[in-house]
1. For segment 224-274, enumerate the residues that are at pLDDT below 90, among the hydroxyl-bearing types (Ser, Thr, Tyr) and either surrounded by fewer than 18 Cβ atoms within 10 Å (Cβ to Cβ) or assigned to a strand (DSSP E or B) (or both).
2. Select, from Val90, Val107, the only residue that is touching an Asp or Glu at 6+ places or on another chain (Cβ under 7 Å), within 26 Å of Ile250 (Cβ to Cβ) and in contact (Cβ under 8 Å) with a residue 24 or more places away in the chain.
3. Out of all the residues in segment 199-211, which are open to solvent by less than 10 Å² (accessible area, probe 1.4 Å) and either in a helix (DSSP H, G or I) or among the small types (Gly, Ala, Ser) (or both)?
4. Mind checking which pairs have a first residue in segment 255-275 that is closer than 18 Å to Lys180 by Cβ and touching a residue at least 24 places away in the same chain (Cβ under 8 Å) and a second that is open to solvent by less than 80 Å² (accessible area, probe 1.4 Å) and not hydrophobic (A, V, I, L, M, F, W, C), Cβ under 6 Å, 6 or more apart or different chains?
5. Quick one: which strands (runs of 3 or more DSSP E) sit completely within segment 11-73 and have at least 3 residues that are open to solvent by 30 Å² or more (accessible area, probe 1.4 Å) and not acidic (Asp, Glu)?
6. Check whether at least one residue in segment 81-104 is of a type outside the set (Phe, Trp, Tyr), assigned to a strand (DSSP E or B) and in contact with a strand residue (DSSP E or B) (Cβ under 8 Å, 6 or more places away or on another chain), and report yes or no.
7. Which of the residues belonging to segment 179-196 are touching a residue at least 40 places away in the same chain (Cβ under 8 Å), of a type outside the set (Gly, Ala, Ser) and not in a strand (DSSP E or B)?
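The values are calculated or read from the model by the stated rules, or taken from the named source; none is laboratory data. Predicted model, so just to flag it, every value in this text is computed and none were measured. Reconstructed Cβ throughout: ideal geometry from the backbone, glycine too, with neighbour counts over all protein chains shown. Just the protein is used for accessible areas: all its heavy atoms, side chains included, with ligands, DNA and RNA removed. Shrake-Rupley method; radii C 1.70, N 1.55, O 1.52, S 1.80 Å.
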Amino acid sequence: MTEWERADQARNVISSKSTMKPEIAIILGTGLGKLVDRIDTKLSIPYEEIPFFPVSTMKGHSGHLILGTLAGKEILAFSGRFHLYEGYSVSEIALPIRLLKLLGIKVLIESNAAGGLNPLYRVGDLVAIEDHINLMGENPLIGANDERFGERIPDFSDPYDRNLLDLAERTALNEGIMLKRGVLVGLTGPSLETRAEYRFLRIIGADMVCMSTIPEVIAAVHQGIKVLGVSVISDMCLPDALEPASFEKILGAASSVEPILTKLMEKIILSLQLT
């Protein structure tokens, strides 16, 4: 069965349950799931009920596809994402993004918790992703290409839409929210990086590091979906001042800034002009 056929079966299940036609999708990352509480939910589907969907296994990822309204616009939200370190293939991780193409989504808003490599960052900072470095050793576009999704060799000179970046920064300024810009690097995890690895990642130009997001962005851009990404700095990864970290601390740090990120997301969606 092709990826298109898998995505089409998933689409059929969702379409059979709702007539909504959202053009905006949101992926809620680690510790950021409470944005769901701000959505006027019309339909919530457990991932287990969607054909070929993986199942979220991490804390802070409830594992539901949500259809509803936020800031007056119809949206689709993934409450929980999937990671390579959970044992899923990059194709399985990309399937929900393939589904977005078939549902007519035009804008994907990504959020994640990331470790801060830039010494000018602090725990709790919000950082708009302006570019990324893929060190995961995986790419969802490897293999046979289905032209219905996108071209064989897609351009990635602007993976994070500049107009959306500008909108996010204007919105943050208007709301009195500090929003920085940075380059995200992705590794597979699940182990956190060593001092030497953090030093290397900073040398090659990364401002923050995560274990997700990048395969999703690659699949989205391949399909012509515009992407905005925002990271929450959940711990500092400075090799010469490194302190022990735990998932519980990372989760707590991401959760503490969630109300600010929720406000920013709502205001961005309110201002989005879709054509």
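1. Hits for segment 224-274 are Ser246, Ser256.
2. On the way: Val107 fails: within 26 Å of Ile250 (Cβ to Cβ).
Exactly one of Val90, Val107 is touching an Asp or Glu at 6+ places or on another chain (Cβ under 7 Å), within 26 Å of Ile250 (Cβ to Cβ) and in contact (Cβ under 8 Å) with a residue 24 or more places away in the chain, namely Val90.
3. Hits for segment 199-211 are Leu201, Ala206.
4. Here the result reads Val257/Gly124; Lys267/Thr171; Lys267/Glu175; Ile268/Thr171, each pair linking segment 255-275 to a residue that is open to solvent by less than 80 Å² (accessible area, probe 1.4 Å) and not hydrophobic (A, V, I, L, M, F, W, C).
5. By residue number, 40-46.
6. Within segment 81-104, the subset of a type outside the set (Phe, Trp, Tyr) is 81, 83-84, 86-87, 89-104.
Keeping just the survivors that are assigned to a strand (DSSP E or B) gives none.
No; the residues of segment 81-104 include none that is of a type outside the set (Phe, Trp, Tyr), assigned to a strand (DSSP E or B) and in contact with a strand residue (DSSP E or B) (Cβ under 8 Å, 6 or more places away or on another chain).
7. Scanning segment 179-196 gives Leu187, Thr188, Pro190, Leu192, Glu193, Arg195.
Here is a yes/no grid of residues against (1) of a type outside the set (Phe, Trp, Tyr); (2) in contact (Cβ under 8 Å) with a residue 12 or more places away in the chain; (3) farther than 18 Å from Val90 by Cα; (4) open to solvent by 10 Å² or more (accessible area, probe 1.4 Å):
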| site | (1), (2), (3), (4) |
| --- | --- |
| Leu126 | yes, yes, yes, no |
| Asp146 | yes, yes, no, yes |
| Ser157 | yes, no, yes, yes |
| Arg162 | yes, no, yes, yes |
| Ala168 | yes, yes, yes, no |
